[in-house]
Amino acid sequence: MIRQYSMALALALGAASFAGGAQAAQEVRFTCAYDGNGCEILKDILARYEKQHPDVKIVTDVVPYKALLEGLPVQLAGGSGPDFATVTDLGGLNRYYLDLTPYVDAKNWEDNFSNVLKWYRSGPDDKGIYGMHTQLTITGAFINRTLFDQANVAVPGKDATMDDWAKAATAVAKATGTPYPMAIDRSGHRIAGPAISYGAKIFDAEGKPILVDEGFTTFVKKFVEWNKDGTMARDVWAGQGGNTYRDAAQEFINGQLAYYYSGSWQTARFDSQVGDAFDWEVVPQPCGGAACTGMPGGTGIVGFKQTKNPKIVADILNFLAEDENYLDFTVRTRNVPAKKSVAEKGVTYTGATPATQKAMNAWLDQIPGISPIAYAYQGYKNNRAMFNISVQRITQTIVGELTVDEAMARAKTDVEEMLKQAK
């Protein structure tokens, strides 16, 4: 009897142990940063994955964009990074990426993301599949249309230069008592489009990065002068140090800006936070002597080599890339799809306000005009270093530490040093 009881107890304990093991989900960690509602929507979509895969638990850490930009590289270098994360420094972090090729339908990914997969690679010989590009973004401008109307200032047309916009925005601010005529995010990526429009080539004839040339210097001189004479909201750039990112979205939301150069990712944020406070709209790219271009880009989600669960991470990214889930994210975040199969079917932004519908159409209209130089710059693996050089040296001229010529000379030296270190 005792022996039978012991055997029954052992069987019961074994069954309990098996049940407990079956219920213990494998945990993977996801670090997420988005402007607007992107992370909350991803968490919702990932919850559907967890429901389909009860053996997986996804822990999502939502962090500010600045923390992602500055902190994630440090974590990865120290081996303490997450299993997967959103990234914007697409090629710059390539050495940490998990190659998804063994775990996904590579042809399907190549067919649908061919234009952006190369942005994640280490170079032309790298054929790996590393990132699921969640949206195609473009830098560009918003205006407070209500302020323009109140000031009775005509909105410049499609071929207007940044000089034309500066003149118009200054007139609007003066007539309406608005604190700031214009602002551009404190980011080397953000000023790259206007610089290319004014003739910056970024690379020489052999494809070597140079950053500084006559066109780049021409725009920098204008930008610095606008910061000094009050055309630009000076504190956006001069109020920060080092490579610190700073946008001016809150100033725009608060009605303190007539013209704001940022990008398409702000659309959902303005849709939800401006409300009916004023009318806003997306306007054409400011032109220069060479082009009328913004910078392409966007955020992607990548897995990292250090993960102990590469198959799970790859399966999650594959799930997010499925048309149904990808479209859901695109519609709810008010973004331009980077996935071919979704873009070709067209996107109806369900529930969007008329202002947002109009804005998304405006962004889509601007995509064909993106300069090949802008695509090349976005795809260059060391562009983050070049963006940082731009921010540091231009800020020094705005605050009076250097002249423009001195800053440009140092930027040239910085690029040469960057290339030495890259080797």
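The values are calculated or read from the model by the stated rules, or taken from the named source; none is laboratory data. Just so we're clear, the structure is a prediction, and the values are computed from it rather than from any experiment. Here Cβ is always computed from backbone atoms with ideal geometry, including for glycine, and neighbour counts include all displayed protein chains.
Structure values in brief
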item	result
Any hit, segment 313-326, residues being over 29 Å from Pro124 (Cα atoms) and in contact (Cβ under 8 Å) with a residue 60 or more places away in the chain	yes
Gly128 vs. criteria touching a residue at least 24 places away in the same chain (Cβ under 8 Å) and either among the hydrophobic types (A, V, I, L, M, F, W, C) or surrounded by fewer than 18 Cβ atoms within 10 Å (Cβ to Cβ) (or both)	yes
Hey, Ile191 surrounded by fewer than 23 Cβ atoms within 10 Å (Cβ to Cβ) and in contact with a Phe, Trp or Tyr (Cβ under 7 Å, 6 or more places away or on another chain) or not	no
Criterion: buried (at least 22 other Cβ atoms within 10 Å of the Cβ), modelled with pLDDT of 95 or more and under 19 Å from the mean Cα position of the chain (by Cα) - qualifying residue of Ala268, Ala248	Ala248
Lys381 vs. criteria surrounded by fewer than 20 Cβ atoms within 10 Å (Cβ to Cβ) and either out of contact with any Leu (no Cβ under 6 Å at 6 or more places or on another chain) or aromatic (Phe, Trp, Tyr) (or both)	no
Residues that are assigned to a helix (DSSP H, G or I) and crowded, with 23+ Cβ neighbours inside 10 Å, drawn from segment 131-150	Leu147, Phe148
Index of the failed condition, Arg190 passing every other in (1) within 17 Å of Trp265 (Cβ to Cβ); (2) part of a loop (DSSP other than H, G, I, E, B)	(2)
Candidates Ala166, Ala183, filtered to the one that is in the same structural domain as Gln396 (by TED's automatic domain parsing) and either part of a helix (DSSP H, G or I) or farther than 27 Å from Tyr65 by Cα (or both)	Ala166
Residue selected from segment 103-124 under the condition assigned to a loop (DSSP other than H, G, I, E, B) and at pLDDT below 90, by the criterion farthest from Asn309 (Cα to Cα)	Pro124
Gly230 at positive phi and either touching a Lys or Arg at 6+ places or on another chain (Cβ under 8 Å) or modelled with pLDDT of 95 or more (or both)	yes
Check on Ala374, hydrophobic (A, V, I, L, M, F, W, C), touching a residue at least 12 places away in the same chain (Cβ under 8 Å), in contact with a strand residue (DSSP E or B) (Cβ under 9 Å, 6 or more places away or on another chain) and crowded, with 18+ Cβ neighbours inside 10 Å	yes
Any hit, segment 345-360, residues being assigned to a helix (DSSP H, G or I) and within 17 Å of the chain's Cα centre (by Cα)	yes
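Matching residues to (1) touching a Leu at 6+ places or on another chain (Cβ under 6 Å); (2) closer than 27 Å to Pro337 by Cα; (3) free of Cβ contacts under 8 Å to residues at least 60 places away in the same chain:
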residue: Pro64; (1), (2), (3): no, yes, yes
residue: Glu70; (1), (2), (3): no, yes, no
residue: Tyr103; (1), (2), (3): no, yes, no
residue: Leu117; (1), (2), (3): no, yes, yes
residue: Ala154; (1), (2), (3): no, no, yes
residue: Lys158; (1), (2), (3): no, yes, no
residue: Met162; (1), (2), (3): no, no, no
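Yes or no, residue by residue, for (1) among the charged types (D, E, K, R); (2) at pLDDT 95 or above:
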site	(1), (2)
Asp328	yes, yes
Glu344	yes, no
Thr353	no, no
Ile373	no, yes
Ala376	no, no
Ile389	no, yes
Gln392	no, yes
Gly400	no, yes
